[in-house]
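The values are calculated or read from the model by the stated rules, or taken from the named source; none is laboratory data. Please read all numbers here as calculations on a predicted model, not as lab measurements. Note that each Cβ is placed from the backbone with ideal geometry, even for glycine, and that neighbours are counted across all protein chains shown.
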Protein chains: 2
Amino acid sequence: MKQSSAIHAQIRRDIEAQIMAGDWKPGDRIPYEHQLMATYGCSRMTVNRALRALIEAGLLESRRRAGTIVSHPRVQRAALEIPDIRDEVAGLGETYRLHLDRREIRAATAEDRRLLQIEEGEVLALECRHDAGGRAYALERRLINLAAVPEAAAIDFAAEPPGSWLLAHVPWTEAEHRITAFNAGAKELVALGISAGAACMALERWTWRGDERITYTRQVYPGDRYALVARFRP
Amino acid sequence: MKQSSAIHAQIRRDIEAQIMAGDWKPGDRIPYEHQLMATYGCSRMTVNRALRALIEAGLLESRRRAGTIVSHPRVQRAALEIPDIRDEVAGLGETYRLHLDRREIRAATAEDRRLLQIEEGEVLALECRHDAGGRAYALERRLINLAAVPEAAAIDFAAEPPGSWLLAHVPWTEAEHRITAFNAGAKELVALGISAGAACMALERWTWRGDERITYTRQVYPGDRYALVARFRP
DNA sequence: GACTCAATAATGTATATACATTAATTGAAG
DNA sequence: CTTCAATTAATGTATATACATTATTGAGTC
């Protein structure tokens, strides 16, 4: 029994339950605040607090004078959580190890500029391999925009995975993911120890802070032994 | 300028901005509520409302007597939005078309029971193909637990994609996704019109309502012309 | 120093009240 | 019947206040 016994929490749970049970369907109007006041014998502020939480959560919508209705579920809000590779390996009970294959600070090349959407400047380019239990788990290539994150130039990414460091130290406002499947080429064949033409999964991620792009990364996983799995709530 | 001019919204934006700018780092204590009252010249209820919203959003944590601190970013909250296939195709400016290849109501087989975690009962099994602009876009296989969603038995899924119908009509409390890459077999070769051994992406999804599994689906996309793309905020 | 316990200071919850804002409804004028 | 303005009923925001809850602080004791 960890649930709060606060009135607002109770109202919230009750309304959520009614919606989940299908008693109140999308588009239905739920009771007015003054009716809920009477039902629960509490003040409007308390009812309002419960409703506002459900509105922020996207379960309800309200319009002045018209009342509050159950939202139509928005498909695109189904969200897939993408874990940190080091945590993920640890979660499998395997020993994690990072191999830094390349680390270079350079003036942005044409491709760097395209991926980070910058006019000029320096980037930190990294290439590494994530191992789990002595076996290759994923390949990662990463660009960090040093104009946005100058302190990254001083970090030893042979010790801490770049993704873990960035997510722990740099707040971000927006990101974009791109997941694709492709047939392994010579590079993956050698580095991941898979057969020619085997299906691989590529996960690319761009991360912003405000208008500025912080980092770009492309991670490659062997398709036959990797699944991107995530559990989530709406 | 769509942002609210309410005081609580302003406080919320200001705090968020301070965190994003790095002025307040994870673990730092932000000003006490009574200090923010003084800063903004408003009541504690108003300050509290702003803070509560940020706490629910996971940006802050608070402890009685100790104050409110900036949360340590939780990596696993990076979330990938997965769009509805029909909307996705429409968003590409292509004409969407659904081909229902198979529709069967049957007593759950051993595999159905495993995928839906049921002891017995009837399931609705569907197999369909999603086309975009006259070309195969994805294959879908779906199981619907008729004990959980009896009304699905009466729906004409040749007209409305099963995923669109379910998400619009059945609220869910939890879901799990699994994304894998694999080499195309004979089935994909014919149905998607791709070459033997080409990399494909499979997206599986289980959806719960409470303890009950509502549906299982497996969608297959051709790897060379499909990317799962999503933009999101933390 | 180590333990106990009371005082204190922060957040958590709830109330009664007030006025603002919005949109549905009503009623009057054409 | 249509149009337009006034009324009204709902939510949105904000305040001042009160008491509950809890972790820290600090004083007193062994």
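Is segment B:189-206 home to any residue that is touching a Gly at 6+ places or on another chain (Cβ under 9 Å), more than 9 Å from every other protein chain (Cβ to nearest Cβ), outside any loop (DSSP other than H, G, I, E, B) and within 30 Å of B:PRO150 (Cα to Cα)? No, because not a single residue in segment B:189-206 is touching a Gly at 6+ places or on another chain (Cβ under 9 Å), more than 9 Å from every other protein chain (Cβ to nearest Cβ), outside any loop (DSSP other than H, G, I, E, B) and within 30 Å of B:PRO150 (Cα to Cα).
Being within 23 Å of B:PRO150 (Cα to Cα) and surrounded by 18 or more Cβ atoms within 10 Å (Cβ to Cβ) holds for only one residue in B:ARG218, B:ARG209, and it is B:ARG209.
One residue stands out in segment A:213-225 among those that are touching a residue at least 24 places away in the same chain (Cβ under 8 Å) and within 11 Å of chain B (Cβ to nearest Cβ): the one that is farthest from A:GLU120 (Cα to Cα), namely A:ASP224. Per the listing A:ALA17, A:ALA53, the residue uniquely away from DNA strand D (no atom under 16 Å from the Cβ) and not polar (S, T, N, Q) is A:ALA17. Scanning segment A:87-94 for residues that are hydrophobic (A, V, I, L, M, F, W, C), away from DNA strand C (no atom under 16 Å from the Cβ) and surrounded by fewer than 16 Cβ atoms within 10 Å (Cβ to Cβ) turns up at least one hit.
Given (1) within 16 Å of DNA strand D (Cβ to nearest atom); (2) among the basic types (Lys, Arg); (3) farther than 24 Å from A:SER164 by Cα, identify the lone condition not met by B:ARG29. Of everything listed in (1) within 16 Å of DNA strand D (Cβ to nearest atom); (2) among the basic types (Lys, Arg); (3) farther than 24 Å from A:SER164 by Cα, B:ARG29 misses just condition (3).
When A:ASN183 is tested against the conditions (1) touching a Leu at 6+ places or on another chain (Cβ under 6 Å); (2) at the interface with chain B (Cβ under 7 Å from one of its Cβ atoms), the lone failure is (1). Every test in (1) within 16 Å of A:ALA181 (Cα to Cα); (2) modelled with pLDDT under 90; (3) not acidic (Asp, Glu) is passed by B:PRO222 save one, and that test is (2).
Confirm whether A:ARG44 is within 16 Å of DNA strand D (Cβ to nearest atom), farther than 22 Å from B:GLU56 by Cα and more than 27 Å from the chain's Cα centre (by Cα). It is false that A:ARG44 is within 16 Å of DNA strand D (Cβ to nearest atom), farther than 22 Å from B:GLU56 by Cα and more than 27 Å from the chain's Cα centre (by Cα). For segment B:152-169, the set of residues classified as touching a Lys or Arg at 6+ places or on another chain (Cβ under 9 Å), surrounded by fewer than 20 Cβ atoms within 10 Å (Cβ to Cβ) and within 9 Å of another protein chain (Cβ to nearest Cβ) consists of B:SER164, B:HIS169, listed by residue number. Based on what the data block shows, is A:ARG12 near DNA strand C (Cβ under 10 Å from one of its atoms), of a type in the set (D, E, K, R) and under 27 Å from the mean Cα position of the chain (by Cα)? It is true that A:ARG12 is near DNA strand C (Cβ under 10 Å from one of its atoms), of a type in the set (D, E, K, R) and under 27 Å from the mean Cα position of the chain (by Cα). In this entry, A:VAL47 passes the filter for residues that are of a type outside the set (S, T, N, Q), farther than 30 Å from B:VAL149 by Cβ and surrounded by 17 or more Cβ atoms within 10 Å (Cβ to Cβ).
Pairing residues of segment A:26-53 that are more than 13 Å from chain B (Cβ to nearest Cβ) and more than 25 Å from B:HIS169 (Cβ to Cβ) with residues that are within 8 Å of DNA strand D (Cβ to nearest atom) and among the small types (Gly, Ala, Ser), at Cβ distances under 8 Å and at least 6 apart in sequence or on separate chains, gives A:TYR32/A:GLY67. Among the residues of segment B:65-80, none qualifies, meaning not one is under 22 Å from A:ALA168 (Cα atoms), without any contact (Cβ under 8 Å) to a residue 12 or more places away in the chain, in a loop (DSSP other than H, G, I, E, B) and not acidic (Asp, Glu).
Residues that are farther than 26 Å from B:TYR221 by Cα and not in a loop (DSSP other than H, G, I, E, B) do not occur anywhere in segment B:84-92.
Yes or no, residue by residue, for (1) in a helix (DSSP H, G or I); (2) at pLDDT 95 or above; (3) more than 30 Å from A:GLU212 (Cα to Cα):
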{"site": "B:ILE19", "(1), (2), (3)": "yes, no, no"}
{"site": "B:ASP23", "(1), (2), (3)": "no, no, no"}
{"site": "B:PRO31", "(1), (2), (3)": "no, yes, no"}
{"site": "B:LEU36", "(1), (2), (3)": "yes, yes, no"}
{"site": "B:CYS42", "(1), (2), (3)": "no, yes, yes"}
{"site": "B:THR46", "(1), (2), (3)": "yes, yes, yes"}
{"site": "B:ARG49", "(1), (2), (3)": "yes, yes, yes"}
